[in-house]
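Visitor: Quick one: this structure, given as structure tokens, is what I'll be asking you about.
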């Protein structure tokens, strides 16, 4: 293991909410960091508040002066929305290392058509795609190119007017096009089937470091049925520093000149689909992901040094825990999910038994020593183990310890879509 990049106790501030932020805080604190959180949305405050000091954006509209006052050594955003904040330039000018790309490098996720053009430039397979400004243009494109399409917002952000709609037939596509918000247009991308997978790596010091291959279970119900949920209902993670499935070689390595040109340093995820023996890029992200991030920090032996090294654009030495090479995530969904317009009651949430893996609280609140469901996603259960089978079994063992009336979780994680490229 390389010498620590921070001789004292590193002070890390996470930007985010819910289980994703809470997991990063606890895992990094367990490795010796002093952690805090800047809460960026109106909900999901309970989990982070249990792990360290929190600041709420409505009470502290600009966190940068406090970051300087507290001597923050590293900022870890959970989302790309920090890059559109009014204080973005002040944060960048402060010199505080950020575990995220910035500037043009951010466009890899932010602008979907930018990613498509990069793939075209560097010879990376990408599905047929088109940006349409209104319903007429979108309809005419589908009629001229009759395929099923995934409908996305051209600009990726948590508050985008269009959230991903997966259409599996031409008729589905034409029907949905009548029911979307065209205020920012739409990005139409050919539907490539369900044989998709992802890989998350770090780019730092002008090099790509493969990390983990992951699978997200995006549909709401068992058997991969129901709508694509706002966030996955489960996931699998495999330590993959040697790129055994070729995703880095085929879909990230060709971008190395662009990574260097834009001074890209931070996490990068490629989600891809397998068709006719070839991987096609579906999208790029510049985050560790809501299902993978909470497991990744446990899987690494030296997560604080890795995070600091990448944020400082240095060469890094990643070390995985050999007994935590595989991970499984399960989400306990609450009343009405994934139909988030349905408002449910504040139901009690009970933990019946001592956890034997990580349980991170998401949309819950506490009152008089009791927890209550305050939204649609109650908790995420994250396990890491020496085999995939053990990781899956451990996650299911622990999610059964949580009780909330009318909640549910998927029972079939790992029974399909794995190994990568499987149906």
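The values are calculated or read from the model by the stated rules, or taken from the named source; none is laboratory data. Note that the structure is a prediction, hence the values are computed from the model and not measured. FYI the Cβ positions are ideal-geometry reconstructions off the backbone, even for glycines, and counts take in every protein chain you see.
Visitor: With the condition kept exactly as written, say whether any residue in region 258-278 is in contact with a strand residue (DSSP E or B) (Cβ under 7 Å, 6 or more places away or on another chain) and part of a helix (DSSP H, G or I).
Guide: Yes - at least one qualifying residue is present in region 258-278.
Visitor: In addition: Looking for something in contact with a helix residue (DSSP H, G or I) (Cβ under 9 Å, 6 or more places away or on another chain), part of a loop (DSSP other than H, G, I, E, B) and surrounded by 20 or more Cβ atoms within 10 Å (Cβ to Cβ) - is there at least one such residue anywhere in region 397-411?
Guide: Yes, region 397-411 contains a residue that is in contact with a helix residue (DSSP H, G or I) (Cβ under 9 Å, 6 or more places away or on another chain), part of a loop (DSSP other than H, G, I, E, B) and surrounded by 20 or more Cβ atoms within 10 Å (Cβ to Cβ).
Visitor: Restricting to region 20-70, give me the number of residues that are under 21 Å from residue 94 (Cβ atoms) and outside any helix (DSSP H, G or I).
Guide: Residues that pass the stated criteria total 19.
Visitor: Could you list all residues from region 357-376 that are out of contact with any helix residue (DSSP H, G or I) (no Cβ under 6 Å at 6 or more places or on another chain), assigned to a loop (DSSP other than H, G, I, E, B) and either at negative phi or in contact (Cβ under 8 Å) with a residue 24 or more places away in the chain (or both)?
Guide: Passing the criteria: 363, 374, 375, 376.
Visitor: I would also like to ask the following. Exactly one of these conditions fails for residue 244: (1) touching a residue at least 40 places away in the same chain (Cβ under 8 Å); (2) not in a helix (DSSP H, G or I). Give me its number.
Guide: With respect to (1) touching a residue at least 40 places away in the same chain (Cβ under 8 Å); (2) not in a helix (DSSP H, G or I), residue 244 is out only on (1).
Visitor: Turning to a different aspect of this structure: If I go through region 301-330 residue by residue, how many of them are part of a strand (DSSP E or B) and surrounded by fewer than 22 Cβ atoms within 10 Å (Cβ to Cβ)?
Guide: So the answer is 1.
Visitor: Same structure, new question: Looking at region 68-84, can you tell me whether even one residue there is free of Cβ contacts under 8 Å to residues at least 40 places away in the same chain, out of contact with any helix residue (DSSP H, G or I) (no Cβ under 8 Å at 6 or more places or on another chain) and closer than 22 Å to residue 33 by Cα?
Guide: Checking region 68-84: at least one residue is free of Cβ contacts under 8 Å to residues at least 40 places away in the same chain, out of contact with any helix residue (DSSP H, G or I) (no Cβ under 8 Å at 6 or more places or on another chain) and closer than 22 Å to residue 33 by Cα.
Visitor: At pLDDT below 95, over 16 Å from residue 221 (Cβ atoms), in contact with a helix residue (DSSP H, G or I) (Cβ under 9 Å, 6 or more places away or on another chain) and not assigned by TED's automatic domain parsing to the domain that holds residue 98, is that true of residue 420?
Guide: yes
Visitor: Condition check: surrounded by fewer than 19 Cβ atoms within 10 Å (Cβ to Cβ) and either within 29 Å of residue 196 (Cβ to Cβ) or modelled with pLDDT of 95 or more (or both). Does residue 336 satisfy that?
Guide: yes
Visitor: Could you check how many residues of region 41-53 are crowded, with 18+ Cβ neighbours inside 10 Å and either within 17 Å of residue 96 (Cβ to Cβ) or touching a strand residue (DSSP E or B) at 6+ places or on another chain (Cβ under 7 Å) (or both)?
Guide: So the count comes out to 6.
Visitor: May I pose another question? Residues of region 209-222 being touching a residue at least 60 places away in the same chain (Cβ under 8 Å) and under 22 Å from residue 325 (Cβ atoms), which ones?
Guide: 209, 211, 212, 213, 214, 215, 216, 217
Visitor: Looking only at region 271-287, decide whether some residue is within 17 Å of residue 382 (Cβ to Cβ) and within 20 Å of the chain's Cα centre (by Cα).
Guide: yes
Visitor: Here is a further query. If a residue must be part of a helix (DSSP H, G or I) and out of contact with any strand residue (DSSP E or B) (no Cβ under 8 Å at 6 or more places or on another chain), how many such residues does region 84-99 contain?
Guide: Total satisfying the criteria: 6.
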